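Notes follow once the structure below has been shown.
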Amino acid sequence: MSRIAKKPIIVPKNIKIIIKRKNIYLINNNIKVIYRIHDAVIILYKNNKIYFNINKKYNNAWMYAGTIRSIINNTIIGFIYGFTKKLLLVGIGYKCYIKNNILFLNLGFSYIINYIIPSGIKIKCFNNNEILIEGYDKQLVGKVASEIRYNRPPECYKQGKGIRYFNEIIKIKEHKKKIK
């Protein structure tokens, strides 16, 4: 049984909540997010608080309620504070720059990798080897960071060359040695 679904979410006054049928609309300034709610979950909105309950017909109803509550809570936190991920490019000649909403990555290949930045995400490049990803959707920020890192993950045999998260620790391994 999910205990997190039993905690109500306190909604700030600048965020507007609309519940229609099985959809919940979260509106802040010019950003509008829609989530589809599972049939097992019942949502009530009273006095700037969102309450979650379950439909007893479904076996895993509390599981769905806890997931929906976490997603909605993360969206509200993202509207207020935003989410960030920082990536570091480690390697000689590794560079990044942004032009016309496209992130260009020079990662030691014979070609430059182009990454189209999705809507709702802001990317900044510092010192040609630091990437800062910002957005209000926690899942999307993590997904974008993962997709960028996928192009050249850090290698444990080459002093950690590649794209890594800011606080990521790479254990450097030793090469196999030939026996004479």
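Things worth noting here:
- If you look at the Cα atoms of region 29-115, you get an Rg and a Dmax of 21.0, 59 Å.
- Neighbour net charge for Gly108 - beta-carbon separation under 12 angstrom, K R +1, D E -1: +3
- With a 1.4 Å probe rolled over the protein heavy atoms of all chains, the accessible area of Asp39, Asp137 falls in the order Asp39, Asp137, largest first.
- For the chain, the longest principal axis of the Cα atoms and the long axis of helix 61-80 meet at an angle of about 70 degrees.
- Charge sum, other residues only, whose C-beta stays under 11 Å from Gly66's C-beta, Lys/Arg counted +1 and Asp/Glu -1: +4
- Efficiency of FRET between Lys16 and Asp39 - r from beta-carbon atoms, R0 22 angstrom, step 0.05: 0.35
- Sum of -39500 (n - 2.57) over DSSP H runs of 4+, divided by residues of the chain (222 nm, nearest 500): -6000 deg cm²/dmol
- With K and R counted +1 and D and E -1, the other residues having a Cβ less than 14 Å from that of Gly160 yield a net charge of +4.
- Estimated translational D of region 1-71 in µm²/s (Stokes, Kirkwood radius over Cα pairs; 37 °C; 0.692 mPa s): 262
- Highest mean packing comes first when the peptides 45-52, 78-85 are listed by Cβ atoms within 10 Å, giving 78-85, 45-52.
- Ellipsoid fit via the Cα gyration tensor, region 94-145: semi-axes of 20, 11, 10 Å, each the root of five times an eigenvalue, largest first.
- Share of pairwise Cα-Cα distances greater than 23 Å in the chain is 55 percent (whole percent).
- Length released on extending from Ser146 to Lys56, taking residue separation times 0.36 nm less the Cα-Cα span: 28.6 nm
- C-alpha long axis of helix 138-150 to longest principal axis of the chain, angle in °: 20
- Accessible surface, the chain, averaged per residue in Å² (probe 1.4 Å): 68
- Range in the chain, longest, excluding exposed GluC sites (Glu not before Pro) [loop by DSSP; at most 15 other beta-carbon atoms within 10 Å]: 1-154
- Amide hydrogen neighbours beyond the local backbone of Lys161, cut-off 5 Å, H modeled: Glu155
- Rounded Å value of the spacing that divides the Cα centres of region 54-74 and region 1-52: 12
- Here the chain exposes an accessible surface that is 51 percent carbon and sulfur, computed with a 1.4 Å probe and the other protein chains kept in place.
- Shown in residue order for region 32-37 are the 3J(HN,Hα) couplings computed by the Karplus curve 6.51 cos²θ - 1.76 cosθ + 1.60 at θ = phi - 60°: 10, 10, 10, 10, 8, 9 Hz (x for Gly and Pro).
The values are calculated or read from the model by the stated rules, or taken from the named source; none is laboratory data. Note that this is a predicted model, so its numbers are computed, not measured. All Cβ positions, glycine included, derive from the backbone under ideal geometry; neighbour counts span all protein chains shown. The accessibility values were calculated without ligands, DNA or RNA, using every heavy atom of the protein model including side chains. Shrake-Rupley method; radii C 1.70, N 1.55, O 1.52, S 1.80 Å.
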